[in-house]
Amino acid sequence: MDGKEFRKEGKAVVDYIVDYLENIRERRVFPDKKPGFIHEQIPDTAPISGEKWSDIFADVEKVIMPGVTHWQSPHMHAYFPALNSYPSMLGEMITNAINCIGFTWASSPACTELEMVVTNWLGKMIGLPDDYLHKKGGSGGGVIQTTASESTLISLLAGRYVALKLYMDLYPEASKHEIHGKLVAYCSDQAHSSIEKAALIGLVTLRYIECDENYSMRGADLHRAIREDREKGLIPFWVCATLGTTGSCAFDNLEEIAKISHSELMWCHVDAAYAGTAFICPEYRGWLKGIEKANSIAFNPSKWMMVHFDCTTMWVQNSGALHGAFNVNPLYLTHEYSGLAIDFMHWQIPLSKRFRSLKLWFVIRNYGISGLQEHIRKGVRLAEKFESLVRGDSRFEMPFKRYLGLIVFRLVGDNVATETLWKRLNARGKIHCVPASLKGKYVIRFTVTSPRTNVDDIVTDWKEISAVTDEVLGDKNAQAARAKVPLGETKEKNENFGTSLLLSNVPTSPKIVNGSFAAIYDQCDVLDEFSRTIQLRKDARDSPAMRRRIKGILMSGKQFSLDSRLDLFHGIETTRSLTSDNLPLLEDETEENNSICSEINEYGYVQSPSSDSLEVPFPGQSRSKSVDHQIVPHGIIDIKQICAKCGHDINNGLSPDSNK
């Protein structure tokens, strides 16, 4: 592709992007694909010769879009926002064209200096103290990282560097490894999983602090844990305060936590990945109280601020800690301004850096502070609208108050109903949500994300939720209508109740059902009609397992329920006429029936003392009573020779006088 073709096709791609975003409301938000669907559509190997651009571009709609979860859709309510905007995309296009690698100031001065200016802009917009900004003679400043997870790791490694340096100076006789093995980090039990990953990478112990009833980590609980660990000879060195947790958008008490961490000589990092954008609005900055005593803070403009991924802004008060943790100075990376200008390779884990500040700069300038504030407040208003719909339906409850644009809700009752609702909503694909667990309660998270979302979209989404709820609760009520009586209470409620144990396809999940109402007592008309309408398994009589089961049923002396009776039918030769002469007989219970005895002949077969033929005994036993009969089944099936050991039919199920 040359410049001329790029100019032409580039315009076509821009048109496609605009059409996609402006009409995204019409697309199914959550795909109905299964793993491996793309592998089935494209070759296993790359093409030998280059393909035409028209063919390549056509596969975007054919292969890619059917499997896309549309994060920009107004019906996307999962996770947190991951927004884009036209000025952000234009900035990214220019970034891609420049494609500089900004590890040092000299590698691209504009990349470094614009990042310093834009992070200062944004720091002031959210109300950070001056100590977090780039300024002459200061040690603080902002940097753009890839993700909030990476920022958490960087802060932990910086805090570890400070702690090792501090305690090695205090205890010069201790080795670095001894001190490192005693380091302990802290976070709320509602904190993001990236904190656990950071502790794993940093090889330090992480201790979770149980949150209060508002899902907030409090200073007193943190202080108690620190005291306990110090008494054990451990070294608390780092704590993360979360402003806007993933599960419920709860806020740790930063003022209390930062005060304790400051007095305990610990690094305090603030993770405000989602909520940080809201601090552009002054009315939400109350959650930042105490930030002056923290050491670092990070949030994602790539979430709610319409700067597309990746873009995470991080600020520190002491950039020297980052230098100490990550500083490397090979000769080929030095330049004439080394030590005078900032080299961001010392502020991050990777060496290379993209020109991310350009798209952030474009968005801030294009929307302005007031435009971004309106965007944030609109999202909160829409969340309030959805909250009012939830609260107006008595079938639902909100186990936690709404903060910003996130609502958590659930069906009243057990967790199963809510989980079923969530699964059905996502399976239909009209809206997309994700679940969470709050102190054992299964909840559905609903986040207002897209800047294209309006009140009509919220109402439409609620109608979808309400309709699916009708289905879920309808199914649940239908199941509840079938009375479930514990097996142990059946005799008390009805002495004529019989039971049958039916195993489901999961052997560990037995199901007890009432089989008495379905038991068959009539030996002639009902059974004869049954035999004509139901196709019996002709191969069942050839199964040793089935023969053993039939023998056990016949010898049990208990009343036959439907499933047991069917097993008896399976053992009957279907080619013969089913009449009362060759079916099991149902007779009145007598002393004679109870005293039948059998013996094993020399060939191992059961033989009645009153007959020379071999027959199946029916010893009388106690059993449950039937409404219609108080009898024990007793009789002989026309199977003359049965092995007493395994139930084998010597004559293959045929009468001795059969000529077949």
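Out of the residues in the stretch 232-289 that are β-branched (V, I, T) and not in a helix (DSSP H, G or I), which is most open to solvent (accessible area, probe 1.4 Å)? Show your work before the answer.
Start the filter on the stretch 232-289 by keeping residues that are β-branched (V, I, T), which leaves 235, 239, 242, 245-246, 257, 260, 270, 277, 280.
With not in a helix (DSSP H, G or I) added as a condition, the list becomes 235, 239, 242, 245-246, 270.
Working: I235: 18, V239: 0, T242: 5, T245: 1, T246: 59, V270: 0 Å².
By that ranking, first place goes to T246.
Tell me, which residue of the stretch 347-364 that is polar (S, T, N, Q) and farther than 11 Å from C311 by Cα is most open to solvent (accessible area, probe 1.4 Å)?
If we filter the stretch 347-364 for residues that are polar (S, T, N, Q), which is where we start, we get 348, 352, 357.
If we keep only those that are farther than 11 Å from C311 by Cα too, we end up with 348, 352.
Numbers: Q348: 6, S352: 61 Å².
Residue satisfying both the conditions and the ranking: S352.
Quick one: would you say K293 is open to solvent by 20 Å² or more (accessible area, probe 1.4 Å) and in contact with a Lys or Arg (Cβ under 9 Å, 6 or more places away or on another chain)? Can you show your working first?
On the way: open to solvent by 20 Å² or more (accessible area, probe 1.4 Å): yes; in contact with a Lys or Arg (Cβ under 9 Å, 6 or more places away or on another chain): yes.
It is true that K293 is open to solvent by 20 Å² or more (accessible area, probe 1.4 Å) and in contact with a Lys or Arg (Cβ under 9 Å, 6 or more places away or on another chain).
Could you list, in sequence order, the residues of the stretch 314-323 that are in contact with a strand residue (DSSP E or B) (Cβ under 6 Å, 6 or more places away or on another chain) and open to solvent by less than 10 Å² (accessible area, probe 1.4 Å)? Steps first, please.
Start the filter on the stretch 314-323 by keeping residues that are in contact with a strand residue (DSSP E or B) (Cβ under 6 Å, 6 or more places away or on another chain), which leaves 314-316, 319.
Passing the criteria: M314, W315, V316.
Kindly check whether there is at least one residue in the stretch 196-213 that is more than 20 Å from W287 (Cα to Cα), open to solvent by less than 60 Å² (accessible area, probe 1.4 Å), assigned to a helix (DSSP H, G or I) and among the aliphatic types (A, V, I, L, M).
Within the stretch 196-213, one or more residues are more than 20 Å from W287 (Cα to Cα), open to solvent by less than 60 Å² (accessible area, probe 1.4 Å), assigned to a helix (DSSP H, G or I) and among the aliphatic types (A, V, I, L, M).
Within the stretch 28-55, count every residue that is assigned to a helix (DSSP H, G or I), free of Cβ contacts under 8 Å to residues at least 40 places away in the same chain and either surrounded by 13 or more Cβ atoms within 10 Å (Cβ to Cβ) or charged (D, E, K, R) (or both).
Quick first cut of the stretch 28-55, residues assigned to a helix (DSSP H, G or I) only: 53-55.
Filter again for free of Cβ contacts under 8 Å to residues at least 40 places away in the same chain, leaving 54-55.
After this cut, where a residue has to be either surrounded by 13 or more Cβ atoms within 10 Å (Cβ to Cβ) or charged (D, E, K, R) (or both) as well, the list is 55.
So the answer is 1.
Among (1) surrounded by 21 or more Cβ atoms within 10 Å (Cβ to Cβ); (2) of a type outside the set (G, A, S); (3) part of a helix (DSSP H, G or I), there is one condition L164 misses while meeting the rest; what is its number?
(1)
Are any residues in the stretch 250-281 in contact with a Cys (Cβ under 9 Å, 6 or more places away or on another chain) and either without any contact (Cβ under 8 Å) to a residue 24 or more places away in the chain or of a type in the set (V, I, T) (or both), and if so, which ones? Spell out how you get there, then give the answer.
Applying the first criterion (in contact with a Cys (Cβ under 9 Å, 6 or more places away or on another chain)) to the stretch 250-281 yields 250, 252, 254, 257-258, 260-262, 268-271, 274-275.
Matches in the stretch 250-281: I257, I260, V270.
Inspect all residues belonging to the stretch 95-106 and state whether any of them is touching a His at 6+ places or on another chain (Cβ under 8 Å), open to solvent by 10 Å² or more (accessible area, probe 1.4 Å) and farther than 17 Å from I24 by Cα. Explain how you work it out, then say what you get.
Of the residues in the stretch 95-106, the ones touching a His at 6+ places or on another chain (Cβ under 8 Å) are 104-106.
Among the residues that remain, those that are also open to solvent by 10 Å² or more (accessible area, probe 1.4 Å) are: 105-106.
After this cut, where a residue has to be farther than 17 Å from I24 by Cα as well, the list is 105-106.
Scanning the stretch 95-106, I find at least one residue that is touching a His at 6+ places or on another chain (Cβ under 8 Å), open to solvent by 10 Å² or more (accessible area, probe 1.4 Å) and farther than 17 Å from I24 by Cα, so the answer is yes.
Could you please find all residues in the stretch 109-149 being open to solvent by 50 Å² or more (accessible area, probe 1.4 Å) and among the β-branched types (V, I, T)?
V117
Scan the stretch 379-408 residue by residue and report those that are open to solvent by less than 10 Å² (accessible area, probe 1.4 Å) and within 18 Å of E471 (Cα to Cα).
Answer for the stretch 379-408, where residues must be open to solvent by less than 10 Å² (accessible area, probe 1.4 Å) and within 18 Å of E471 (Cα to Cα): just V390.
Having 2 or more residues that are among the basic types (K, R) is the bar; report the strands (runs of 3 or more DSSP E) wholly within the stretch 394-474 that clear it. Steps first, please.
Values: elements: 406-411, 434-438, 441-447.
The strands (runs of 3 or more DSSP E) meeting that bar are 441-447.
The values are calculated or read from the model by the stated rules, or taken from the named source; none is laboratory data. As the structure is a prediction and not an experimental result, all values here were calculated from the model. So basically every Cβ, Gly included, is an ideal-geometry build from the backbone, and we count neighbours across all protein chains shown. Note: accessible area is taken over every heavy atom of the protein model, side chains too, but ligands, DNA and RNA are not part of it. Shrake-Rupley method; radii C 1.70, N 1.55, O 1.52, S 1.80 Å.
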